[in-house]
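To start, the structure itself, in structure tokens.
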């Protein structure tokens, strides 16, 4: 690796994500200004920062829910083929490649985004069946396995609207896992939950980190980020303020706004 | 007044039931085609491609602006004249008459499609964005996203409007009588004129339309319960 980021050595030296000089604008507002990021296979990366720092936008660029205006991106060793105009601005995407890559990258959303017209089981089997072409039998077996994993197997026939937020988020995690993705993205997975429901979701995520899954988390749970991450990125007004091990970011940073931001957790 | 005329309600029961059946056939076919047109129209209205959007907007605006009676007459007479001119020009002599059933289904479906476009467009716009984003994030194809997520997610929003359109359609089939096609209303007119028992036959027509609409209202209510199966009871009320 020729990384300028201080990443702890991990099980593998292939990269799940390699982003170079990403820029994302909404009109005149530049949300990401030249952000580079490497996520080694098998590692956990947390993106922290104040609201408006661009952390959710950065995460959503990694599965192209947001299309960056400039920069390069490789997911699972495959460079994204952007259509560019002569100035190098990204103007389009290769839809087929996009669908193929998205099948390898699963996202867990802040608002869960379960499909209300499917049961819990239906939510988990839908993408493996429609996107990966699995038979219903295999998809069901996979879904049962992951619902068991997140402790939601007994609710398989319920509809999402009848579950608590924490339960819905655990189903959403099972839905993401059932795609057996190379990379898991978490967009503030506990921010919409009642305080007493946060720990049940965090403990599921912690279990996944312990399994050595490749994950990128955007989170406000500082203690959690410090605890589970191999790499922490403090994003500050659209640029990487500090990046490194949890120790580098939480205890040893000379970046003033970063020190100020993490102070309550230290 | 039955005593005055030679024939009564019973003599006309057969033709009237036949007319009612024809009315239902027209309505069901026109509704099915209108629904397809509406799905295409709504997708076009929401398309990122401006020419397609413009075409769909023109369709739904123009059709909804013109009285259906006028459209029926236009398509029937102008259509048969145009076809006759066309075949004559190709060297085939004679008159072409458009089949009344085809005209009825065609015009009503065309009109339904325009209203349906707007009902479905609103229903699709009301789908919470996150549900569609989840489908995108998991790599759904455009078609899988449409028929597995968009359609079932918009149906709870669309069904009340769709049920309205169905009721209006049943009643609009009566307009077809102007081209002399013997659906329910035309048959009733014949019966009333022939027996001079006007009130009796028009009242019978009213009862038959009422039976059709009441039955379909019950069916739509069941359908709505089904498409709302994932939603808590409080929202059903």
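We did not get these values from a lab; they are worked out from the coordinates using the rules stated. No experiment lies behind these values; they were computed from the predicted model shown. Here Cβ is always computed from backbone atoms with ideal geometry, including for glycine, and neighbour counts include all displayed protein chains.
Assuming R0 = 45 Å, can you tell me the calculated FRET efficiency for the pair residue A:34 and residue A:96, based on Cβ-Cβ distance, to the nearest 0.05? After rounding, the FRET efficiency stands at 0.95. Take every Cα pair under 8 Å whose residues are at least 6 apart in sequence, average their separation, divide by the length of chain A, and the relative contact order is 25 percent.
Taking the fewest neighbouring Cβ atoms within 10 Å as the starting point, the ordered list for A:159, B:202 is B:202, A:159. Packing, taken as the mean count of other beta carbons within 10 Å per residue, orders the peptides A:186-193, A:212-219, B:49-56, A:249-256 from highest to lowest as A:212-219, A:186-193, A:249-256, B:49-56. Distance distribution P(r), the range A:114-180, all Cα-Cα pairs, bin width 10 angstrom from 0: 26, 60, 14, 0 percent.
Taking packing as the residue-averaged number of other Cβ atoms within 10 angstrom, the listed peptides B:216-229, A:33-46, B:134-147, A:126-139 run from highest to lowest as A:33-46, B:134-147, A:126-139, B:216-229. To the nearest ten degrees, helix A:136-149 and the longest principal axis of the Cα atoms of chain A are 70 degrees apart. Quick one: Debye curve from the C-alpha atoms of the range B:23-182, no solvent, what's log10 I(q)/I(0) at q = 0.12, 0.18, 0.20 Å⁻¹? Once normalised to I(0) and log-transformed, intensities are -0.62, -1.07, -1.21.
Of all beta bridges that DSSP places with both ends in the protein assembly as shown, some 60 percent have antiparallel geometry. Seen from all sides and averaged, what is the projected area of the convex hull of the Cα atoms in the protein assembly as shown, in nm²? Directional mean of the projected Cα hull area for the protein assembly as shown stands at 33.0 nm². Counting Cβ atoms of other protein chains within 10 Å of each Cβ in B:125-138 and taking the mean gives 6. Please compute the volume of the convex hull spanned by the alpha-carbon atoms of the range A:138-266 and report it per residue in Å³. Given the Cα convex hull of the range A:138-266, per-residue volume reads 118 Å³. Kirkwood radius for the range A:66-108, taken over all pairs of different Cα atoms as the inverse mean of 1/r, rounds to 11.1 Å. Only helices enter this figure: runs of n ≥ 4 DSSP H residues, each worth -39500 (n - 2.57), summed and divided by the residues of chain B, yield -24500 deg cm²/dmol at 222 nm to the nearest 500.
The distance between label points at residue A:196 and residue A:260 comes to 3.7 nm (points 7 Å beyond Cα on the Cα→Cβ vector).
Fewest-first ordering of B:159, A:22, B:74 by other beta carbons within 10 Å of each residue's beta carbon gives B:74, B:159, A:22. Based on Cα contacts under 8 Å between residues 6+ apart, chain B shows a relative contact order of 29 percent. Helix B:100-125: angle to the longest alpha-carbon principal axis of chain B, degrees 0 to 90, nearest 10? Roughly 30 degrees, rounded to the nearest 10. Panel note: the C-alpha atoms of the range B:111-237, placed on their principal axes, show extents of 68, 33, 18 Å (largest first). Over the range A:114-180, Cα pairs under 8 Å with separation of 6+ residues give a relative contact order of 47 percent. Per residue of peptide A:96-109, the mean number of Cβ atoms on other chains within 10 Å of the residue Cβ is 3. If you run the Gaussian network model on chain A, springs between alpha carbon atoms under 10 Å, then out of A:67, A:96, A:175 the most flexible one is A:96. Once the Cα atoms are used to define both axes, helix B:198-227 deviates from the longest principal axis of chain B by about 20 degrees. The distance linking the range B:110-130 with the range A:66-126 is 27 Å (Cα centroid to Cα centroid, whole angstrom).
Centre-to-centre, using Cα atoms only, the range A:183-229 and the range B:183-218 are separated by 67 Å. Calculated FRET efficiency, residue A:237 to residue B:129, Cβ-Cβ distance, R0 = 30 Å: about 0.70 to the nearest 0.05. Each principal axis of the Cα atoms in chain A has its own extent, and those three values, largest first, are 50, 47, 37 angstrom.
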